[in-house]
Amino acid sequence: MTTVYCYSRCSTCKKALKWLDDNQVGYKVIDIKEDHPDEATLRKLHAKSGLPLRKFFNTSGQLYRAMELSKKLPDMSEDEMFRLLSLDGMLVKRPLLITDDKVLTGFKEDDWEEVLIHR
């Protein structure tokens, strides 16, 4: 089953869900603000993704900017980053797409098509 962590007021999330519907891909939505992934889940998703941990941060979000994380992340350990991401779903890049064997952060149509349509 494909799972997508989204925020209902996010225009990129809305675009991604529309793309899934248009391409007849079944999915389950989890509200990233209300039911954000915990630290253990984030560690599993990060390992499955093969992405640098920084790609999991919502760098355009208000909270990220308010906390001045662009200045702080370079000096943080991975453990500190995981802890921080697990505290507030608004820090996590969205939408967060999870399939049986892949994890993608953000919505890039070509990447989603590769993972979901051209398996």
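The values are calculated or read from the model by the stated rules, or taken from the named source; none is laboratory data. Quantities reported herein were computed from a predicted structural model and do not represent experimental measurements. In this analysis, Cβ positions are derived from the backbone assuming ideal geometry, glycine residues included, and neighbour counts consider all displayed protein chains.
Has the stretch 110-118 got any residue that is at pLDDT 95 or above and either on the phi > 0 side of the Ramachandran plot or of a type in the set (S, T, N, Q) (or both)? Checked the stretch 110-118: no residue is at pLDDT 95 or above and either on the phi > 0 side of the Ramachandran plot or of a type in the set (S, T, N, Q) (or both).
If the requirement is being modelled with pLDDT of 95 or more and surrounded by fewer than 16 Cβ atoms within 10 Å (Cβ to Cβ), which of these qualifies: 88, 75? Can you show your working first?
Details: 88 fails: surrounded by fewer than 16 Cβ atoms within 10 Å (Cβ to Cβ).
75 is the lone residue from the list that is modelled with pLDDT of 95 or more and surrounded by fewer than 16 Cβ atoms within 10 Å (Cβ to Cβ).
Residues in the stretch 26-51 that are under 19 Å from residue 102 (Cβ atoms), surrounded by 15 or more Cβ atoms within 10 Å (Cβ to Cβ) and either in contact (Cβ under 8 Å) with a residue 60 or more places away in the chain or of a type in the set (D, E, K, R) (or both): 2 in all.
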